[in-house]
Structures are given as C-alpha cells and as structure tokens.
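Each remark here refers to the structure printed beneath this line.
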C-alpha cells in the first residue's frame, strides 16, 4: 500500500505531465482564437457560461466534495452513495436544461444578450454532459488517481485545437467556442466512463440522499457564493458596459490562468485530498501546508511578478494587437492572482479537509458582501476603475482565509508570510531589474531577453537563502513533481 507521501508524489507527477501537455498545446489554440475572433465573441460566451455555471451548482449539488471527503465504511457503502449522487446529478441536470430551454430568451436578455436564446439552449447541452462525468471524476480524485485524469485533461487540451480552431476559421463567431465546449464535455464523459472501474447501477435511496444533503447543503451554498464571486462582475459589465469590454475582461483573466495553472493545476488538486488524510493531526497538517506553500511560492510567485512587469509582451504574443487595452489588467491580475493562491487558496483547502464546509461558506459570504457593491459602483466609472477595484477586493478574501486558517488549525498568518519572505524579496529584486532593463529598450525582441535575464536574477538572489537554495537544487535534480516525495 503506497504511503501518503508516495500517493501525493505520484498524483503531483501526473498533474505535472498533464500541465506540461496543456502548456504546449493550449496557448497555441488561444493565440489563434484571439486573432480569429473579436472580444465581442468572447464576451458573448462569458455571459452564456455565467448561466451554465449557475445551473451546474444545482446539478452537482456538492456531491463531488462529499465523495472525496467522506470516509466510507466499506466498498458497498461507497458504491451506494456514489449511485445516489450519480442519478441525482443526471436527473437534475436534464430538468434544469429543460427549464433553461423554456425561458431561454428571457435569460439571454437578463444577462445582456437579447436575441441569443437559441444559442443559450445549445450551449447548455454541456450541463448534462458535465453531470454525467463529474461522479467518476470525484472517485479518481478521492483515490489520488491523477494518472487517469491525465487522459481526460489531454482530451480537453486537444479538442480546442482540432475542433474549435477550424470552426473559428469557418464561422468567425461565438459558435466556434460554444460547439468546442460541448465537444470537450462529451469527450470527457466518454473517456472517464471508459477508464472508470465504477459503473452506475439502478439503485437509489432517499434516506441516503437526506444524509448526504446535510453535507451538500453547505457545499451548494458555498458554490452559489463562489459563482457570485466569479460572475457578478461579468453580469455588471454585460449590462453596464458592453460585450467588447466583457471580452477584454474575461480573456485577461483566462490568459493569466493559462500561465499560472502550469503550477497550480499540478499542486492544488492534490492539496485537499492530502490534507484530508491527516485531518486529525493539526500539527502534521500545518507542516504539510507550509511545505506545499513554500514549494508553490518558489515556482509561482516569480511568474506572477513577471506577468505584472511584462504584461505588454504577454498581451502582444498571446492575444495580438486588438487586445492592447487588456494589457494593464493582465499585469495587475497576474500579480494579485499568485498572491491569492499562495496565501488564500492553500488556507481554503483546510475547511473541507477537516469537515468544516460552513467556514468556506462564511469566507465566501464575507467576500461577496464586499465584492458586489464595490464592482457595481466601479463599473459605472468605466473599465479601468472596474478592474483595479476587482483586483484589490481579492486581497480582502486573502485576509479572511488566513484568519480562519488560524482559527481552525492555528496556522499562523505571520509564519505563512515568513515562510515565503525570501521568495518575495527575490521577486521584488527581479522586478526592479526588469523595470531598469525595459527602460533601456522595451521592444518585443529585447523584452524576451529581459525575461530571461530577470529569471536568472531571481534564481541567483533566491540562492542566497539556504532552505530555498536546497529546494532549487531539488527542482533541478528531480523535477517539481518529485519534490513531494520529501513531504
């Protein structure tokens, strides 16, 4: 039986392989689509996704988190709960898709896209497809079987290149993105069903559903608040500005995500299942959290600081000239995003790991209370004020999560800060050098050279700190996916 260290290391290895593949292919698709389609097309799809994401809250109903965290008595107990979750997901998704079809035009008008009701109906085909595969995905995550999830992710990487991009050439419209997303979800459902050892059977128990709902009710409320955090700004932009700015806004976030997920998608999916395995030992949980945080910070923080200082280069290369307005937001969002991941996302994994989903709800509620009025007021002052406000409001969420991490397992915020202080110092020095170089020459060719020199300066400065130097040596010798064997 593999140890927890070995399971974490193996899961992280396969996450890393997946993300390497993603970073080789996904940027190519994005670069092509950004040049074929206008910000308006991306804005339309962002509003459609807002409706789909809200519907999926009720189709999933928190069952994924439940299955991952629940300590089942035996295989039969696990199979029965899994079947209840599967059939509930599938039935609810079909019902909600039907309701959306009935009120499609009204919903499209509500989110700022009047006349696109039929497009919304087609796009929502993703809802039952995602529901069909979500339970298998939860089982793979529970078992830390990220090797199997690699195949699912690989399909999601390839489909945009072979389906969405050709459709964009033909249609030059949002239809390419809509159909591409449906194909990804269909492929996911097929792959996960084939690879899964579990098969649905005709079993259902309302008593089990009632017991599961005690946990899932908190997860649903948390998901609604997460949806509000992620989509209320899109709603306000759609109705107060226009689809052009909505496209700039959402694509900026997506572009940053494509860069940072090479690290986060390798590590973050493993954090919560790993913490859940030591849920009764808070001291072990704190140490595991700090080690994961330090390793992630060393790899991720220089990327975020680099996005901030080289945002013009990133925008020109990844998106093209028609996206120039997005450059300042990409830089700001990249910096704030990595700080949130290092200080808040790790803390947020504690709540479900120790069975306190109610804390996650409280954190989201406190954030939404600040976010909604701030974004609503900022949107009336234009795009620039909006994205500055949206970015800075995220820091409130960071403080709240650090407070509750201390409340639950006595994880000191000060210790978390000191844990990554050498990395922050090295990043500030790197940014200072980058600004000096950019003032000498900010052409694209020189900027590529400055990126390389800045990266070298970061590594050299970080090497002055003994612990960080040892980790850098391990990264060089082992690769980041094997670092977790030492945890």
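The values are calculated or read from the model by the stated rules, or taken from the named source; none is laboratory data. Please read these numbers as outputs of a predicted model, since none were measured by experiment. Methodologically, a virtual Cβ is constructed for each residue, glycine included, from the backbone with ideal geometry; neighbour enumeration extends over all protein chains shown.
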Looking for whichever is touching a helix residue (DSSP H, G or I) at 6+ places or on another chain (Cβ under 7 Å) and either buried (at least 23 other Cβ atoms within 10 Å of the Cβ) or outside any helix (DSSP H, G or I) (or both) here; the options are 231, 249. Which one fits? 249
Would you confirm, using the coordinates I've provided, whether residue 423 is under 24 Å from the mean Cα position of the chain (by Cα), crowded, with 18+ Cβ neighbours inside 10 Å, assigned by TED's automatic domain parsing to the domain that holds residue 311 and in contact (Cβ under 8 Å) with a residue 60 or more places away in the chain? yes
Enumerate the pairs (first residue in the range 454-476 and under 24 Å from residue 432 (Cα atoms); second residue anywhere and not in a helix (DSSP H, G or I)) with beta-carbon separation below 6 Å, excluding pairs fewer than 6 apart on the same chain, so at least 6 apart or on different chains. 469/463
Residue check, residue 408 in a helix (DSSP H, G or I), over 30 Å from residue 71 (Cβ atoms), in the same structural domain as residue 449 (by TED's automatic domain parsing) and touching a residue at least 24 places away in the same chain (Cβ under 8 Å): no
How many residues are surrounded by fewer than 19 Cβ atoms within 10 Å (Cβ to Cβ) and part of a helix (DSSP H, G or I) when one looks only at the range 37-49? 1
Could you check residue 338 against (1) over 17 Å from the mean Cα position of the chain (by Cα); (2) surrounded by 24 or more Cβ atoms within 10 Å (Cβ to Cβ) and say which number it fails? (1)
Of the residues in the range 423-446, those that are over 18 Å from residue 335 (Cβ atoms) and in a helix (DSSP H, G or I) come to 436, 437, 439, 440, 444, 445, 446
Would you mind finding the one in 268, 275, 289 that is within 18 Å of residue 423 (Cα to Cα), within 22 Å of the chain's Cα centre (by Cα) and assigned to a helix (DSSP H, G or I)? 289
Residue among 372, 341, 330 that is farther than 23 Å from residue 244 by Cα, in a helix (DSSP H, G or I) and touching a residue at least 12 places away in the same chain (Cβ under 8 Å): 341
Counting only residues that are surrounded by 15 or more Cβ atoms within 10 Å (Cβ to Cβ) and not in a helix (DSSP H, G or I), the range 88-124 contains a total of 5
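Conditions (1) in contact with a helix residue (DSSP H, G or I) (Cβ under 8 Å, 6 or more places away or on another chain); (2) in a helix (DSSP H, G or I); (3) at pLDDT 85 or above, marked per residue:
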| residue | (1), (2), (3) |
| --- | --- |
| 155 | yes, yes, no |
| 160 | yes, yes, no |
| 165 | yes, yes, yes |
| 170 | yes, yes, yes |
| 173 | yes, no, yes |
| 179 | yes, yes, yes |
| 190 | no, yes, no |
I'd like to check something: does the range 91-111 contain any residue that is over 18 Å from residue 51 (Cβ atoms) and either in contact with a helix residue (DSSP H, G or I) (Cβ under 8 Å, 6 or more places away or on another chain) or in the same structural domain as residue 152 (by TED's automatic domain parsing) (or both)? yes
